[in-house]
Amino acid sequence: LVGLRYRHTLHRYKMTSFDEQRLIQLTRDGDYDAFNRLVIEYQDAVFAVVLRTVRNRAVAEDITQDTFISAFRKISSYRGGIFRAWLFRIAKNASLDYLRKIARRSETSIDEDIVYFSETVSDDKQDPVADALNAELARLIEHCMSGLSDEHRFAMVLIDVEGYQYDEAAESIGVSIGTVKSRLNRARARMRDCVQQDPELLPASMRLYNKEN
């Protein structure tokens, strides 16, 4: 299979006309080239979600590769719906398995590939330089994200970070839209409470003040 190791340069191989269902059927018939085109079409999206979930580039590349290998082997189990969401569900399971594994080790990684959310979450209203914030705020955001449950974090990554719709997120996670909304609301509330513990690190527009202030 080509393109299983994430690289931006593979964009040049994208088809001018993309017939997803035709490629899925050809893949079911054992056509490797057809599946490679599906990989090229969706690898960026899968990698982005995995990276923001596990926060380690090397691990994210491995999980993305494993996701597509698994998808090829399980293609006969795909029963319709949003194909990208089906891939996300495979990626989610692999990502959460990884997070649970490292949690059991009770180890803190100092891998240079660690990615902080300040590097991946942007505010369109901010100047590119201002959007970077600072190292302390980056660590605060990451600390608060790490305090979320794996399921709540994944919902926030899909909707608030990557911008997918509730229906696709629900299909990706394998729950109802109502459950996704509930998880996201709880995640947002916990993030808000957490970051407000260090208000001096936040931009003025994001700070909450007591009434007497």
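The values are calculated or read from the model by the stated rules, or taken from the named source; none is laboratory data. What you see is a predicted model, and the numbers here were worked out from it, not measured in a lab. Reconstructed Cβ throughout: ideal geometry from the backbone, glycine too, with neighbour counts over all protein chains shown. Please note that ligands, DNA and RNA were not included when accessible areas were found on the heavy atoms of the full protein model with its side chains. Shrake-Rupley method; radii C 1.70, N 1.55, O 1.52, S 1.80 Å.
For segment 70-102, how many residues are open to solvent by 30 Å² or more (accessible area, probe 1.4 Å) and either of a type in the set (Asp, Glu) or touching a Leu at 6+ places or on another chain (Cβ under 8 Å) (or both)? Going through segment 70-102 one residue at a time, the tally reaches 2. Listed by position, the helices (runs of 4 or more DSSP H) inside segment 131-213 whose residues that are open to solvent by 50 Å² or more (accessible area, probe 1.4 Å), modelled with pLDDT of 90 or more and not β-branched (Val, Ile, Thr) number at least 2 are 166-173, 177-195. Number of residues in segment 46-62 that are surrounded by 23 or more Cβ atoms within 10 Å (Cβ to Cβ) and farther than 19 Å from His152 by Cβ equals 2.
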